[in-house]
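Written below as structure tokens is the structure these notes are about.
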Number of protein chains: 2
Amino acid sequence: MKYFKESVETMPRKALEKLQIEKMRSMLRQIYGRNRFYTDKLSAVGVHPESFHTLGDLKRLPLTEKIELVQAQSDILPFGSNTTFEESAYHRFHQTSGTTGTPLRVLDTPDSWDWWGDCWGFVLAGAGLTKNDRLFIPFSFGPFIGFWAAVEGARKINALMIPGGGRDTLQRLHLMKELGTTAMCCTPTYALRLAEVAQESGFDLNKIPLKTIINAGEPGANIPATKARIELVWNAKCYDHAGASEIGAHSFECELQPNGTHITESEFIVEVLNPETLEPVPAGEQGELVITNLGRIGYPVIRYRSGDLVILNEQACACGRSFARFEGGVLGRTDDMVVVRGINVFPSAVENLVRRCETVEEFRITVSTNNEMGNLSIELELSKNANPDSARKTVDQAIQNELSLRPEITLVPYGSLPRFEMKAKRFHLKDN
Amino acid sequence: MKYFKESVETMPRKALEKLQIEKMRSMLRQIYGRNRFYTDKLSAVGVHPESFHTLGDLKRLPLTEKIELVQAQSDILPFGSNTTFEESAYHRFHQTSGTTGTPLRVLDTPDSWDWWGDCWGFVLAGAGLTKNDRLFIPFSFGPFIGFWAAVEGARKINALMIPGGGRDTLQRLHLMKELGTTAMCCTPTYALRLAEVAQESGFDLNKIPLKTIINAGEPGANIPATKARIELVWNAKCYDHAGASEIGAHSFECELQPNGTHITESEFIVEVLNPETLEPVPAGEQGELVITNLGRIGYPVIRYRSGDLVILNEQACACGRSFARFEGGVLGRTDDMVVVRGINVFPSAVENLVRRCETVEEFRITVSTNNEMGNLSIELELSKNANPDSARKTVDQAIQNELSLRPEITLVPYGSLPRFEMKAKRFHLKDN
């Protein structure tokens with residue numbers, strides 16, 4: 001079994017908790033009185049760093065919502081009040097993709113950027129990568145943090161990092177082949193898009209000695225049917241990873257893939273709360289991930305309401321890691337759920353059902369609420385030699401059986417739906 | 001005056017030469033017997049590392065041509081025989097843009113990548129950047145090494161690095177404004193393109209507090225009329241930098257800009273040879289830059305015929321650096337020169353003359369040799385409110401006066417010539 005920092009990853013839980021408490025105290029001491037945003041929040045509830053002694057003390061600290069971080073940014077442009085040091089102490093700028101509203105800007109110091117690299121070291125080593133791997137990162141690097149952080153992770157484990165930006169998908173396939181790429185880090189959507197272009201162009205994917213795909217940036221590697229599809233077309237093992245610009249890279253799959261992702265608990269403290277009552281959910285139940293990062297002193301988040309839905313699993317993993325797991329990875333988002341005809345519908349659940357049909361190349365789901373009941377409609381784009389009646393029937397029955405909903409299914413011409421390199425948008429709401 | 005490593009930059013020449021000799025001896029010892037490409041080359045001329053004692057010994061070492069490096073790569077795919085360590089010792093892959101023939105692939109170890117960062121540290125600090133600067137790097141990062149290395153340089157001087165890839169030119173301008181960008185690193189062409197888009201969109205460039213532009217990737221910041229144009233439209237100081245994927249980032253302008261770039265002599269040994277006789281040219285005369293890098297043990301180049309034409313100037317600079325200078329930066333390339341009607345024509349010289357006309361927004365030069373004499377034709381794209389007759393006359397007279405050639409000048413519609421983000425291609429040869 002390969003570890004990034006074995007002694008940390010296999011630490012007995014008691015020692016791990018002690019480490020978390022120490023890091024938390026150290027962080028609170030460093031930010032209190034310096035970071036205006038958190039000094040105000042902590043003062044408002046009368047919590048002083050010296051009064052933090054146990055993980056039980058967490059609940060005395062205030063929760064943090066994304067809207068507060070956005071507000072803190074617009075209060076003091078351009079970087080906001082959630083900064084612990086003077087501006088010249090920071091050396092990396094990134095921002096969220098900003099598809100919904102104002103992008104959130106985040107800054108990193110050399111120390112916290114090194115910490116991001118460590119977080120990705122856990123991810124890459126967890127998937128079995130070593131200095132013998134040739135890791136392809138196909139994207140053009142913009143302000144989005146994820147793939148920059150993957151570059152830092154590759155540096156940490158000394159894998160050969162191959163930046164594949166600035167070229168089209170077919171050129172990327174050829175470069176991967178020429179360089180004997182053994183691993184790739186990309187969105188699940190783009191892993192499938194590469195395979196689709198290979199198919200269209202008569203490019204034999206088996207000519208690339210790829211054995212590992214690390215998916216990040218969107219759900220997919222945790223959606224069973226999507227993961228199975230990626231693994232089938234690439235003949236490679238697919239690993240899930242989750243994180244966020246404002247939080248850090250917090251969870252990863254180990255090589256045993258025990259149906260979930262390990263939480264990098266040496267760098268994060270997680271709680272799972274009922275999103276309505278804000279009380280902890282009982283063990284094994286789904287709730288909202290509330291997360292505290294422990295290594296980003298310059299831009300900390302404490303008890304951050306991530307909006308991600310997770311189930312915490314503290315059972316030991318055969319890989320030897322003491323890090324707890326998110327059962328099935330991040331299962332969805334609190335703000336993703338749509339009610340259609342009285343039934344709770346999550347995009348990831350629908351994706352899983354649609355992807356069960358092997359001839360579906362691309363799809364788009366629209367939920368319209370132009371009547372009281374709501375409608376679920378699905379556009380399907382099939383591979384060229386698909387049987388359309390069979391595909392329609394497969395998807396229709398899967399949705400009916402699992403969700404008790406009758407979707408409106410439309411077959412659309414090959415190539416008519418959008419293709420995505422970064423975060424895919426396949427789920428639409430239509431209110432009118 | 002700002003330095004990156006003051007004690008190195010202001011070292012007396014004797015000490016600098018001693019440092020070069022020590023580094024050279026250390027490199028030769030490390031590569032001899034390990035790096036197949038250079039072991040073969042050195043053995044063939046009977047030079048052993050222990051026999052290198054003075055800079056005068058350089059001439060006993062064989063020259064290296066680019067074609068040899070390309071051949072060394074195709075001998076042992078995919079990375080070639082110019083590697084000193086086993087593959088797992090490398091952690092960065094890059095390749096040349098490959099517009100002419102096979103791209104040359106280069107690998108870096110953690111040590112040599114750190115060295116690239118240092119080389120860019122000299123560049124950025126030389127232009128006066130500090131940890132208080134917000135440095136915008138507008139490109140989408142692909143395998144081209146230059147801007148990745150700039151990121152490492154920013155890390156070294158702890159400037160805030162803002163990656164501006166994955167968005168269009170106008171979005172980049174807005175991001176630069178919102179973030180209060182003080183410095184930018186890009187090609188000269190793209191510095192002008194940003195200004196052109198600002199003009200078209202009614203975006204006021206003065207809203208960006210930019211004071212420094214570091215140009216790299218192509219000539220321009222050393223072409224007086226182009227540099228003047230960039231400085232005028234941006235109201236910022238423009239600095240030249242030169243380097244190459246297979247060599248390193250070797251020269252930079254200091255804040256005093258004494259009509260040339262300093263050579264980072266602590267990291268490189270330069271010779272200037274007559275490209276035909278391969279003998280050193282007399283002091284102050286133009287010749288081919290032959291360069292040896294001293295910090296890239298994993299992928300060394302020794303006495304590399306760069307193809308760049310330079311004039312060496314060893315006079316002291318008022319900035320206090322003992323590093324010698326390239327008078328006027330890199331002046332052209334040995335393979336760039338075209339003979340038209342018996343006259344030697346260099347693209348950079350023509351560019352300088354065309355850019356003297358302030359209303360020229362974009363241009364393309366074609367040299368056709370369909371008769372014995374050859375023809376120089378120039379397409380000009382003018383800014384919208386330009387006086388076409390006056391522009392035509394300005395360019396025509398400048399070319400006639402300076403080059404004794406009568407160009408064919410064609411005015412083409414605004415927006416009809418290609419725009420470039422990376423290396424521009426404005427000079428074409430037409431043989432038929």
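Counting just the residues of the stretch A:149-176 that are out of contact with any helix residue (DSSP H, G or I) (no Cβ under 8 Å at 6 or more places or on another chain) and not acidic (Asp, Glu), which one comes out surrounded by the fewest Cβ atoms within 10 Å (Cβ to Cβ)? Step through it out loud before you land on a result.
From the stretch A:149-176, those out of contact with any helix residue (DSSP H, G or I) (no Cβ under 8 Å at 6 or more places or on another chain) are A:151, A:165-166, A:168, A:171, A:174-176; that's our starting set.
Adding the requirement that they be not acidic (Asp, Glu) leaves A:151, A:165-166, A:171, A:174-176.
Values: A:Val151: 22, A:Gly165: 21, A:Gly166: 20, A:Gln171: 12, A:His174: 14, A:Leu175: 22, A:Met176: 24.
Taking the candidates together, the pick is A:Gln171.
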Inset, instruction - Quickly run through the stretch B:161-181 and pick out the residues that are outside any helix (DSSP H, G or I) and either at the interface with chain A (Cβ under 8 Å from one of its Cβ atoms) or in contact with a His (Cβ under 9 Å, 6 or more places away or on another chain) (or both). - result: B:Met161, B:Ile162, B:Pro163, B:Gly164, B:Gly165, B:Gly166, B:Arg167, B:Leu179, B:Gly180
Inset, instruction - Could you figure out which of (1) closer than 21 Å to A:Gly126 by Cα; (2) among the aliphatic types (A, V, I, L, M); (3) without any contact (Cβ under 8 Å) to a residue 60 or more places away in the chain isn't true of A:Ala318? - result: (3)
Inset, instruction - Could you please find all residues in the stretch A:199-233 being open to solvent by less than 10 Å² (accessible area, probe 1.4 Å) and closer than 18 Å to A:Thr359 by Cβ? - result: A:Ile223, A:Thr226, A:Ile230
Inset, instruction - Just one of (1) out of contact with any helix residue (DSSP H, G or I) (no Cβ under 9 Å at 6 or more places or on another chain); (2) more than 21 Å from A:Tyr90 (Cβ to Cβ); (3) of a type in the set (A, V, I, L, M, F, W, C) trips up B:Leu179, so point out which. - result: (2)
Inset, instruction - Please state which one of B:Lys393, B:Lys425 is in the same structural domain as B:Val360 (by TED's automatic domain parsing) and either exposed (fewer than 12 other Cβ atoms within 10 Å of the Cβ) or over 15 Å from B:Arg355 (Cα atoms) (or both). - result: B:Lys425
Inset, instruction - Filter the stretch A:64-95 down to residues that are among the charged types (D, E, K, R) and open to solvent by 20 Å² or more (accessible area, probe 1.4 Å) and give me whichever is farthest from the other protein chains (Cβ to nearest Cβ). - result: A:Glu65
Legend entry - Qualifying residues in the stretch A:129-160 (those that are more than 14 Å from A:Arg92 (Cα to Cα) and small (Gly, Ala, Ser)) - the one nearest to the other protein chains (Cβ to nearest Cβ): A:Ser140
Legend entry - Residue within the stretch B:257-264 that is open to solvent by less than 10 Å² (accessible area, probe 1.4 Å) and assigned to a loop (DSSP other than H, G, I, E, B) present: yes
Legend entry - B:Met184 vs. criteria under 20 Å from A:Phe141 (Cα atoms), crowded, with 24+ Cβ neighbours inside 10 Å and within 12 Å of chain A (Cβ to nearest Cβ): no
Legend entry - Odd one out for A:Thr189 among (1) in contact with a strand residue (DSSP E or B) (Cβ under 7 Å, 6 or more places away or on another chain); (2) in a helix (DSSP H, G or I); (3) under 29 Å from A:Phe93 (Cβ atoms): (1)
Legend entry - So B:Glu196, is it surrounded by fewer than 21 Cβ atoms within 10 Å (Cβ to Cβ) and in contact with a strand residue (DSSP E or B) (Cβ under 7 Å, 6 or more places away or on another chain): yes
Inset, instruction - All but one of (1) closer than 30 Å to A:Thr369 by Cα; (2) in contact with a helix residue (DSSP H, G or I) (Cβ under 8 Å, 6 or more places away or on another chain); (3) open to solvent by less than 40 Å² (accessible area, probe 1.4 Å); (4) assigned to a loop (DSSP other than H, G, I, E, B) hold for A:Gly307, so report the exception by its number. - result: (4)
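The values are calculated or read from the model by the stated rules, or taken from the named source; none is laboratory data. Since the structure is predicted, the reported quantities are computational estimates derived from the model, not experimental observations. Neighbour counts are summed over all protein chains in view; Cβ atoms, including those assigned to glycine, are modelled from backbone coordinates with ideal geometry. Remember, those area values only see protein heavy atoms, side chains included, never the ligands or the DNA or RNA. Shrake-Rupley method; radii C 1.70, N 1.55, O 1.52, S 1.80 Å.
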